[in-house]
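Q: Quick one: this structure, given as structure tokens, is what I'll be asking you about.
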Amino acid sequence: MNSSSFHPMAIPSDRHPQQLLSGGTTSSAQPWTRMPYQDLTRFDGASTLRQWARLHAGHGRQALNPPSAELAEGWALYHSGDFAEAVAIGLQHGRAGMALVNQATAIYANYLEPHEALRLSLFRQVFERASAQSAAEPDDCDALYWQAYALGRYSQCVSVARALAQGLGSKVKGALERVIALQPEHANAHIALGAFHAEVIDKVGALVGRMTYGVQAEQAMALFERGLELHPQSVSGLMEHARARLMLFGDGCMQDATRLYEQAAAVVPIDARERLDVELAKAGLAE
């Protein structure tokens, strides 16, 4: 493993995505990439509801509030890696399906979409949809989290420095801090905010980061520790923690970072998204 970030490679396929024009979004005739693994666990609505708490362990109170049986079928498609089909079902459920729509779109875009223009378009869709939702319902933690996630990933694609200069960083930070204030048990928000602190410091330095953006290395580590305390088996959280340590403290932390990647690679994935993360961890160790 080296200190450079590992980026997922997309696998070509011939599956066409569902149309995403609902709610002012844009669409593309390009196919959505299939999951590259044929041995994934297949979920149905019933098995999704039985394992709901584990499947959604990082999402705070969402883990305590399973969906209706009908919407669970859409979540089953998501956890099986059928992201486009999951989006289609989520859109049929209106407000109740927006968390599924945003999550399936954002995760697909981040891990599997090979075309940068479409990837950016998908992140914009999630950001705009979640922003409108959080404007109408300011305490909706799912909307706030996916707003921050999509904007953060979009910023990484176009240049973190450019995004900071345009004021996007404050939107990411503010949304994640709001999630944590509303749901202190939201592990993914802690992890994402820790990653934000680390990445800003990596790009602008500790002094400018602290004075201009309110970020600190110590706070980043505290956020990761709390997030992983809440969700110890978060594969993505373990990898983000490793990357953050390397960004903040350099190659002197390589041993710690490698240990975190080894922990991530050793997790038995419960669903498609975790499988993608575990494979990324293994690839990172092989570099």
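Q: Report, by residue number, each residue of the stretch 264-278 that is more than 16 Å from the chain's Cα centre (by Cα) and crowded, with 19+ Cβ neighbours inside 10 Å.
A: Once the filter is applied, which keeps residues that are more than 16 Å from the chain's Cα centre (by Cα) and crowded, with 19+ Cβ neighbours inside 10 Å, the stretch 264-278 yields only Ala265.
Q: Collect the residues in the stretch 197-215 that are among the hydrophobic types (A, V, I, L, M, F, W, C) and open to solvent by 30 Å² or more (accessible area, probe 1.4 Å), keeping them in residue-number order. Lay out the reasoning, then the answer.
A: Residues of the stretch 197-215 that are among the hydrophobic types (A, V, I, L, M, F, W, C), as a first pass: 198, 200-201, 204, 206-208, 211, 215.
Residues satisfying the conditions are Val204, Ala206, Leu207, Val208, Met211.
Q: Of the numbered conditions (1) closer than 21 Å to Ala189 by Cβ; (2) open to solvent by less than 30 Å² (accessible area, probe 1.4 Å), Gln233 fails exactly one; give the number of that condition.
A: Tallying (1) closer than 21 Å to Ala189 by Cβ; (2) open to solvent by less than 30 Å² (accessible area, probe 1.4 Å), Gln233 fails exactly one: (2).
Conditions tested, residue by residue: (1) modelled with pLDDT of 95 or more; (2) open to solvent by 10 Å² or more (accessible area, probe 1.4 Å).
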{"residue": "Tyr149", "(1), (2)": "yes, yes"}
{"residue": "Cys157", "(1), (2)": "no, yes"}
{"residue": "Ala165", "(1), (2)": "no, yes"}
{"residue": "Gly174", "(1), (2)": "yes, yes"}
{"residue": "Gln183", "(1), (2)": "yes, yes"}
{"residue": "His186", "(1), (2)": "yes, no"}
{"residue": "Ala217", "(1), (2)": "yes, yes"}
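Q: Continuing with the same structure: Tally time: how many residues in the stretch 91-102 are within 16 Å of the chain's Cα centre (by Cα) and open to solvent by less than 10 Å² (accessible area, probe 1.4 Å)?
A: The number of residues fulfilling the criteria is 3.
Q: Pick from Ala130, Ala88: which is of a type outside the set (S, T, N, Q) and either at pLDDT below 95 or open to solvent by less than 10 Å² (accessible area, probe 1.4 Å) (or both)?
A: Of the residues listed, the single one that is of a type outside the set (S, T, N, Q) and either at pLDDT below 95 or open to solvent by less than 10 Å² (accessible area, probe 1.4 Å) (or both) is Ala130.
Q: List the pairs whose first member sits in the stretch 48-77 and is in contact (Cβ under 8 Å) with a residue 60 or more places away in the chain, whose second member is assigned to a helix (DSSP H, G or I) and surrounded by fewer than 20 Cβ atoms within 10 Å (Cβ to Cβ), and whose Cβ atoms are under 6 Å apart, counting only residues at least 6 apart or on separate chains?
A: Ala57/Ala63
The values are calculated or read from the model by the stated rules, or taken from the named source; none is laboratory data. Please read all numbers here as calculations on a predicted model, not as lab measurements. As a convention, Cβ positions derive from the backbone with ideal geometry for all residues, glycine included, and neighbour counts pool all protein chains shown. These accessible areas exclude ligands, DNA and RNA; they are computed on the full protein's heavy atoms, side chains included. Shrake-Rupley method; radii C 1.70, N 1.55, O 1.52, S 1.80 Å.
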